[in-house]
Each structure stands twice: as C-alpha cells, then as structure tokens.
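**Q** Mind having a look at this structure? Questions to follow.
The values are calculated or read from the model by the stated rules, or taken from the named source; none is laboratory data. No experiment lies behind these values; they were computed from the predicted model shown. Virtual Cβ from ideal backbone geometry, glycine too; neighbours counted across all protein chains shown. To get the accessible areas, we keep the full protein, side chains included, count just its heavy atoms, and leave off ligands, DNA and RNA. Shrake-Rupley method; radii C 1.70, N 1.55, O 1.52, S 1.80 Å.
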Amino acid sequence: MTTPAHIGKFTADNPGIMTLQGTNQYVVGKESVVVIDVALSADSNLDGIIEQVEAMGATKIEKILITHIHSDHCAGAVALRKRSGAKLGIHRSRKGYLGGEDFQYDDNDRIAFGGGELHVLHTPGHESGHCCFYEGSDKVLFSGDNILGYGTAVIHPPDGNMTDYLTSLERLLGFDISLILPGHGPLIGKPEAKIREYIKHRMEREQQVLAALRSGRQTIGDITQLIYKDVSAALQRVAEFSVQAHLEKLMREGRVKREGSRYLLLSEN
Ligand SMILES: [Zn+2]
C-alpha cells in the first residue's frame, strides 16, 4: 500500500514514548495544498514541511488544519501560518485556543482546497475536539491520534473519554477507507481490521477491569497493578489513565459506582 502522489508527509523531529518516531505532518493536494498538523515551530520543522510542499510541485499552502490541540500536533501551526500566509483552522470547540486562527470547522464540514476537499469527522475520545479528515476520492483517512500506526491511543480523563472514543471508532467503520495515515507511526493498509482490532482491544481491557473489580481490587492503582503486570515506570501513569477511563465508562453505564477513591461493582455483570 503506497500513499497517493498528491499526499506527502514530513515527520517532525520529536520522537518519544508517546510520539513514536515523531509526529506525522501531512501535505495534501496539488498546486494549492492543505497541511494537517504542525508539531513544532522551529525553522527546521517548517523548512521540512515547505520542502515537502515544493517536492510535490505545489506552490502554495492554502490551509492548515489540526487534528487536535495536544502540543505535538499544533505547536507550530501559528508559526507556519505566519510564514506561509495560509489560513489556519481549528475545531469549533477550540476556537481561540491557538490565538490566530482564521476559521473553524465542525463535524461533517467539507474543507475545500485547490482541486480537492476534506470531510471533517469530529471524533472525540483522545481529545474532546479531536477531528479526523477523510479524503473521499482516494478513500484516505487522516486519523490523528485516534488510530496510531502501532500501539494504542492514550485516553486521558477528564477530557479524554472512553465512551466517546469507542463511539468514534465505531463510526469510522461506516466509511469506505482504503488507507489510514496516522498522527504517529507508519501508514495502515488494512483500515477495517485495524479499527476492529482497536475496538476489540478496548473491550478486552474493559473485561479485565471488571474481573479485577470482581476479585476485590477497588482503586485505580490496584486495578492497574493487576492488569498491567510489567508496564515500565514511564507508562505507569498512562496505564492508570486508561483504567480510569474504563471505570468512568462503566460508571456512565450504571455498572460501577465510585466512593472516594474506591470503585465498586453495582451488580454482577
Ligand atoms: Zn500525538
């Protein structure tokens, strides 16, 4: 599976435990292009994006879109806007966040650019204003941090929400997608299988959380310790956020209640 010729990528130099090889910043279009996500404001990063634009034979960055407001996706957006003269967009719920946006978008908007358009899909879960962008002519989904090239997305309550996240994943199954281009990691050539794997993984985790509650574990720390047996210290907090996100989903469904720092099963599930 290769990326269509009118889609380019420049990966930011911000590798790490959460960002994998770095943030993928995409260029979409022919003469007048859209840039999706700008991770860093450093000149070297903006140079890399602009060189990618030029390598594709394009002459102008028309718009900049961001998948979500975590800094590894938007910290360079205002700098690229200033340098290129592009119009910068952001999800409606995050209006003013970057200070310097030109327009907002919301679910199901179509964002036109030279010769093409992107369909905005508001996909909360990882971040409440998170958007994916769907390019219908080549059936490509720019998935941001909703779906990664490998590993799983972090759901960090309270803004991160497991119920919303699973709803967003289910919704994506309704689109005809032949390629996913994620915010981190390599492209995904079997989108439906990947989305189903992501949903299955979360449902298995939920079962593990329920089993831990049944076995008498009641706090996020104890439940995490039981489920994530050999998680590194660096990922311990991330694992705890994930457990918390699952517990909040179960509370929303009336299956678990919270008393202080303890979580209790309400009925045998
Ligand atoms: Zn990210």
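**Q** What does the highest-first list of 173-180, 9-16, 24-31 look like by mean Cβ count within 10 Å?
**A** So the order, starting with the most tightly packed, is 24-31, 9-16, 173-180.
**Q** What are the membrane-span-like helices in the chain by this rule: whole DSSP H runs, Cα extent along the axis at least 27 Å, mean Kyte-Doolittle hydropathy at least -1.0? Write down the numbers at each step before the final one.
**A** Numbers: long enough: 191-214 (35 Å, -1.03); 233-252 (29 Å, 0.04).
Sorted by number, the helices that extend far enough and score high enough are 233-252.
**Q** When the gyration tensor of the chain is built from Cα positions, what are the square roots of 5 times its three eigenvalues, in whole Å, from largest to smallest?
**A** On the way: eigenvalues 261, 64, 56 Å².
Ellipsoid semi-axes (Å, largest first): 36, 18, 17.
**Q** Please work out the FRET efficiency for the pair THR3 and MET251, using the Cβ-Cβ distance as r and a Förster radius of 51 Å; give the result to the nearest 0.05. Each step should come with its number before you reach the end.
**A** Values: r = 41 Å, r/R0 = 0.81.
According to the calculation, E is roughly 0.80.
**Q** Report, by chain and number, residues whose modeled amide H sits under 5 Å from the one on GLY22, excluding near sequence neighbours (fewer than 5 apart, same chain).
**A** Excluding prolines and chain starts, which carry no amide H, the hits are GLY16, GLY185.
**Q** On to the next question. Looking at the chain as a GNM with Cα springs under 10 Å, which of LEU118, LEU80, LEU235 has the largest mean-square fluctuation?
**A** Looking only at LEU118, LEU80, LEU235, the largest GNM fluctuation is found for LEU235.
**Q** Follow-up. Which value, in Å², gives the accessible area per residue of region 1-136 when a 1.4 Å probe is used on the protein heavy atoms? Numbers along the way, then the final one.
**A** Details: 5660 Å² over 136 residues.
Here the residues of region 1-136 average 42 Å² of exposed surface.
**Q** What is the distance, in nm, between label points placed 7 Å from the Cα along the Cα-to-Cβ direction at ASP43 and at THR219?
**A** A separation of 5.2 nm, rounded to one decimal place.
**Q** Take the Cα gyration tensor of region 1-130, multiply each eigenvalue by 5, square-root it, and list the three semi-axes largest first, rounded to whole angstrom. List each step's numbers first, then the result.
**A** Details: eigenvalues 78, 64, 44 Å².
The answer is 20, 18, 15 Å, longest axis first.
**Q** For the chain, compute the number of Lys pairs whose alpha carbons are separated by less than 20 Å, excluding pairs fewer than 8 positions apart on the same chain.
**A** Qualifying lysine pairs in the chain: 23.
**Q** So how do 133-145, 92-104, 199-211 stack up, highest first, on mean other-Cβ count within 10 Å? Mind dumping the intermediate values first?
**A** Numbers: 133-145: 21.5, 92-104: 14.0, 199-211: 15.8.
Descending packing order for the listed peptides: 133-145, 199-211, 92-104.
**Q** Rounded to the nearest 500 deg cm²/dmol, what is the calculated helix-only ellipticity per residue at 222 nm for the chain, with -39500 (n - 2.57) per DSSP H run of length n ≥ 4?
**A** Numbers: 7 runs with 88 residues, N = 269.
About -10500 deg cm²/dmol.
**Q** Let me ask something else. Using the heavy atoms of the protein chains and a 1.4 angstrom probe, tell me the accessible area per residue for region 199-244 in square angstrom.
**A** Values: 2430 Å² over 46 residues.
Normalised by residue count, the accessible surface of region 199-244 is 53 Å².
**Q** Additional query: Give the percent of DSSP beta bridges with both residues in region 12-69 that are antiparallel, rounded to the nearest 5. Please list the in-between numbers first.
**A** Details: 4 of 9 bridges.
Counting DSSP beta bridges with both partners in region 12-69, the antiparallel share is about 45 percent.
**Q** Given axes a ≥ b ≥ c from the Cα gyration tensor, I'd like to know whether region 150-192 is rounded (a/c under 1.5), prolate (a/b larger than b/c) or oblate. Provide the component values of the computation, followed by the final result.
**A** Working: a/c = 3.28, a/b = 1.41, b/c = 2.32.
Cα axes put region 150-192 in the oblate bin.
**Q** Give me the percent relative contact order of the chain, please, defined on Cα pairs under 8 angstrom at least 6 residues apart.
**A** Numbers: 537 pairs, mean separation 33.4, N = 269.
Worked out over the chain, it gives 12 percent.
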